[in-house]
Amino acid sequence: MYIEYIEVKGTCFLKNPMHFFNTAGPVNPALHYCLDLLRRLDLNVVLPLIEQQKYFVLHAPRQTGKTTCLLALREYLNAGDRYRCVYVNVEIAQSAREDVAVMRAIRAGLGDWARDGAGDRYPGAIWPVILDRHGPHQALEAVLSDWAGASDRPLVLLIDEIDALIGDTLIAVLRQLRAGYPKHPARFPQSIILCGIRDVRDYRIHSSNTKEIITGGSAFNIKAKSLRLGNFTAKKWPRCTPNIPPPPARPSPRAR
């Protein structure tokens, strides 16, 4: 597909006669003017981290394009045949206060996003049995472990709005990801990106169970890097033609 761009005061946007500027929610490049999303995310940094099987953080203030960039990354990775990438927004669990209710909310979100975004029904199918068997403090780890083991491609999991979770709920999610980390990539996602407003190291999580304050760096000490989605100016975006590599493909038999 041929893509045209329009330049506005030195900044390039995708061009289409029906396009308009969007100020609410994720950008849809088919409808809205937008900067090149993958170039803004900086694939030269992100792809090596995924290839190296790293777990890392992407953070930035509100309304800066975090969700839009994550969705673009999902589409980019799934366009190749090397990874299965799933995006999930856990903000739906913010209103839940009980551990079981939270895990059910995350289950629904993960199952729906995997089905709709990657055509994968597996996590939604196995979660009810696993939640009953393992309980809320181990269910997420068990689902991700079984899912990664059954997948024909390494999993890349993008968890958006992670800091919408609070207290023991956030601690439970972070610690289950940490507990499953030694099993990756064969039995746990190859790479996980936690996305939110703040860096996880800045979290001060109040545990109502233990009556203590736990730092995010302690609960999620497997983080390899923190990336900030940077601000942009016309000077930083002078070119209209993006230079984006093709989606990652599986290595050929000779390259293995």
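The values are calculated or read from the model by the stated rules, or taken from the named source; none is laboratory data. If you're wondering where the values come from, they're calculated on a predicted model, not measured in any experiment. FYI the Cβ positions are ideal-geometry reconstructions off the backbone, even for glycines, and counts take in every protein chain you see.
The table for this structure:
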quantity: Matching option when the condition is among the aliphatic types (A, V, I, L, M), closer than 26 Å to Gln63 by Cα and either modelled with pLDDT under 85 or surrounded by fewer than 19 Cβ atoms within 10 Å (Cβ to Cβ) (or both), among Leu165, Leu174; calculated: Leu165
quantity: Any hit, the stretch 42-61, residues being within 17 Å of Asn22 (Cα to Cα) and surrounded by fewer than 21 Cβ atoms within 10 Å (Cβ to Cβ); calculated: no
quantity: Residue count, the stretch 144-179 (criterion: more than 24 Å from Thr67 (Cα to Cα) and in contact with a Ser or Thr (Cβ under 6 Å, 6 or more places away or on another chain)); calculated: 1
quantity: Residue satisfying all of: in the stretch 121-144; crowded, with 21+ Cβ neighbours inside 10 Å and within 18 Å of Pro185 (Cβ to Cβ); modelled with the lowest pLDDT among these; calculated: Pro123
quantity: Sole residue being more than 17 Å from the chain's Cα centre (by Cα), touching a residue at least 24 places away in the same chain (Cβ under 8 Å) and in a helix (DSSP H, G or I), chosen from Ala186, Ala179, Ala114, Ala148; calculated: Ala179
quantity: Complete set of residues in the stretch 36-75 that are of a type in the set (Gly, Ala, Ser) and within 15 Å of Pro248 (Cβ to Cβ); calculated: Ala72
quantity: Within the stretch 1-29, tally of residues that are among the aliphatic types (A, V, I, L, M), surrounded by 10 or more Cβ atoms within 10 Å (Cβ to Cβ) and modelled with pLDDT under 80; calculated: 4
quantity: Unique match (being assigned by TED's automatic domain parsing to the domain that holds Leu157 and either more than 18 Å from the chain's Cα centre (by Cα) or free of Cβ contacts under 8 Å to residues at least 12 places away in the same chain (or both)) among Gly119, Gly65; calculated: Gly119
quantity: Evaluation of Thr68 against (1) at pLDDT below 90; (2) assigned to a helix (DSSP H, G or I); (3) more than 20 Å from Gln190 (Cα to Cα) (one fails), failing number; calculated: (1)
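Rundown of residues vs (1) of a type outside the set (Asp, Glu); (2) more than 18 Å from Phe220 (Cβ to Cβ), yes/no style:
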site	(1), (2)
Leu58	yes, no
Gly65	yes, yes
Ile92	yes, yes
Arg104	yes, yes
Asp116	no, yes
Gln138	yes, no
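Here is a yes/no grid of residues against (1) of a type in the set (Ser, Thr, Tyr); (2) assigned to a helix (DSSP H, G or I); (3) modelled with pLDDT under 95:
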{"position": "Ile50", "(1), (2), (3)": "no, yes, no"}
{"position": "Thr64", "(1), (2), (3)": "yes, no, yes"}
{"position": "Tyr76", "(1), (2), (3)": "yes, yes, yes"}
{"position": "Asp81", "(1), (2), (3)": "no, no, yes"}
{"position": "Glu91", "(1), (2), (3)": "no, yes, yes"}
{"position": "Met103", "(1), (2), (3)": "no, yes, yes"}
